[in-house]
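Asks: Below: one structure in structure tokens.
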Amino acid sequence: MVNIFSQTKAAAINPLKSSQPLGAALAFLGIDRAIPLIHGSQGCASFGLVLLGRHFSETIPLRTTAMDEIVTVLGGAKRLEEAILTLKPRVKPQLIGICTSALVETRDDDIAGELLKMKGERAAELSGTEVVLASSPDFAGAMEEGWSTAVTALIEEITLPGEHPRDATKIAVLPGSNLTVADLEHLRETIEHFGLNPIILPDLSDSLGGIIPEQWVATTYGGTKVDEIRHLGSAIRCIAIGEQMRRPAEALKRITGVPYVLHGSLTGLKNADRFISLLAEISSEEAPLSIRRRRMQLQDAMLDGHFHLTGKRIAIGSDPDQLVQFIDFFTGMGAEVTVAVSTTGMSKALQSVSLETIHIGDLWNLEHLAAGADLLVTHSHGRQAADRLNIPLMRVGFPVFDRLGNQHKLTILYQGTRDLIYEAANIIQASQHQPNPGRTDSPLNMEV
């Protein structure tokens, strides 16, 4: 059984995690014609806006209630109402997603009660717009919890309750926050190969997939439609990806009776096989030739890649589900994960890891434990630690802002696992000593 060592420092020295409101806002960005509203100070929204903008290289529609000192002391209910009633006529969103911050949560305001009262009093003015609240204080959890809370709130607030006639081809897919835009696109294509119709919630592949609208819009452009969330109860099955999505999947089951299957990760041969087998079972169709071909390509990549990855020492710092995803990937290729640092110990996913120890901490912990590793795996804020340790860095997770196109990097199923093998092996190869023909001791320069 894995030993999980809690954070012992009084403060994060070099933060590894991103906050809950950021995760909740990101989930709302995956809904069509939506606008996330962070209920807190301007600084709470500005920092998240910068990170999201740099990571996706896209315009991010994010608003804030901009609470100042006086509003904070007197209570923010009135400010929240003003913000909603301002956004409604100006932006015309189909969804306003409210993400609370530590500032309002610390005051212990009854935000849910105030919002319910306002929705009753302003029903006519808010007609055509759903207003959903995600309680996401910064002081607890991390990005995964915020994402999970927002998706759960969307289901609980919007999905029609009760048993509905099932559509035998309709699948509800609840992806974790660690999946990229390319992952979501590939997921949809793979499911459609089996004649199934996936409803992905939330779907960032449309809203943050690099699609430029003909006219500027103040909300998200693309994503899961509100009406699709409303009718999730007609799905024949729900597939949740990542332990963080267990709570939304259970909420959907409780409200509509739709059964769910949870996949901890879709990376690696065994995990991909399990997922493809599930699709074959639901659709009663065999895997098409294109998918079987990708499986063979992955087997070949595993054969080629194990020469470069077997026995390598890997240090990983990430959110729990992504940590499990990459531990599974590297150990499956014969590498040894010598250091694992996670952002929070709240996830049950960590209990499934086949390591002796996991540390809850920050990049400072990762740097002090990773000496001697062959590869550092974390996001872009780990680049200075990698330089100081003289260890190559493989960039994964959020944020990645010093490389272009990270959101279009595939990391799941046969093709994504193959690409990860090549990426990791090439990074390690590039960091190794290369023979220099100009050296005096080179065999090329020796007299015969």
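The values are calculated or read from the model by the stated rules, or taken from the named source; none is laboratory data. Predicted, not measured: the structure shown is a model, and the values here were computed from it. Because the Cβ atoms are built from the backbone with ideal geometry, glycine has one as well, and the counts that use them run over all protein chains shown. Each accessible area value is taken on the protein alone, full model and side chains, heavy atoms only, with ligands, DNA and RNA left out. Shrake-Rupley method; radii C 1.70, N 1.55, O 1.52, S 1.80 Å.
Asks: When you go through 36, 15, 93, 89 one by one, which is the residue that is modelled with pLDDT of 95 or more and either open to solvent by 20 Å² or more (accessible area, probe 1.4 Å) or under 17 Å from residue 138 (Cα atoms) (or both)? Let's see the steps before the verdict.
Replies: Numbers: 15 fails: modelled with pLDDT of 95 or more; 93 fails: either open to solvent by 20 Å² or more (accessible area, probe 1.4 Å) or under 17 Å from residue 138 (Cα atoms) (or both); 89 fails: modelled with pLDDT of 95 or more.
From the options 36, 15, 93, 89, the qualifying one is 36.
Asks: Within the bounds of region 198-211, is there any residue that is over 21 Å from the mean Cα position of the chain (by Cα) and surrounded by fewer than 21 Cβ atoms within 10 Å (Cβ to Cβ)?
Replies: First, the residues of region 198-211 that are over 21 Å from the mean Cα position of the chain (by Cα): none.
No, region 198-211 contains no residue that is over 21 Å from the mean Cα position of the chain (by Cα) and surrounded by fewer than 21 Cβ atoms within 10 Å (Cβ to Cβ).
Asks: Quick one: which residue in 251, 235, 240, 272 is buried (at least 24 other Cβ atoms within 10 Å of the Cβ) and under 14 Å from residue 152 (Cα atoms)? Lay out the reasoning, then the answer.
Replies: Working: 251 fails: buried (at least 24 other Cβ atoms within 10 Å of the Cβ); 235 fails: under 14 Å from residue 152 (Cα atoms); 272 fails: under 14 Å from residue 152 (Cα atoms).
Of the residues listed, the single one that is buried (at least 24 other Cβ atoms within 10 Å of the Cβ) and under 14 Å from residue 152 (Cα atoms) is 240.
Asks: So, one more: Residues that are free of Cβ contacts under 8 Å to residues at least 24 places away in the same chain, at least 2 per element: which helices (runs of 4 or more DSSP H) completely within region 346-439 meet that?
Replies: 383-389, 413-431
Asks: Take the conditions out of contact with any Ser or Thr (no Cβ under 7 Å at 6 or more places or on another chain) and touching a residue at least 60 places away in the same chain (Cβ under 8 Å) and apply them to residue 154. Does it pass?
Replies: Spelling it out, residue 154 is indeed out of contact with any Ser or Thr (no Cβ under 7 Å at 6 or more places or on another chain) and touching a residue at least 60 places away in the same chain (Cβ under 8 Å).
Asks: When you look at residue 133, is it under 25 Å from residue 398 (Cα atoms), in contact with a helix residue (DSSP H, G or I) (Cβ under 8 Å, 6 or more places away or on another chain), touching a residue at least 60 places away in the same chain (Cβ under 8 Å) and of a type outside the set (Gly, Ala, Ser), yes or no?
Replies: The answer is no for residue 133.
Asks: Taking the conditions exactly as written (touching a Ser or Thr at 6+ places or on another chain (Cβ under 6 Å) and either surrounded by fewer than 17 Cβ atoms within 10 Å (Cβ to Cβ) or not small (Gly, Ala, Ser) (or both)), does residue 402 satisfy them or not? Don't jump to the end; show me each part of the working.
Replies: Values: touching a Ser or Thr at 6+ places or on another chain (Cβ under 6 Å): yes; either surrounded by fewer than 17 Cβ atoms within 10 Å (Cβ to Cβ) or not small (Gly, Ala, Ser) (or both): yes.
Judged against the criteria, residue 402 is a match.
Asks: Take the residues in region 288-309 that are touching a residue at least 40 places away in the same chain (Cβ under 8 Å) and closer than 24 Å to residue 197 by Cβ, then tell me which one is surrounded by the fewest Cβ atoms within 10 Å (Cβ to Cβ).
Replies: Here the residue is 290.
Asks: A further question follows. Kindly list, by first and then second residue, each pair from a residue in region 112-129 that is in a loop (DSSP other than H, G, I, E, B) to a residue that is open to solvent by less than 60 Å² (accessible area, probe 1.4 Å), limited to pairs with Cβ atoms under 6 Å and residues at least 6 apart or on different chains.
Replies: The qualifying pairs are 129/88; 129/93.
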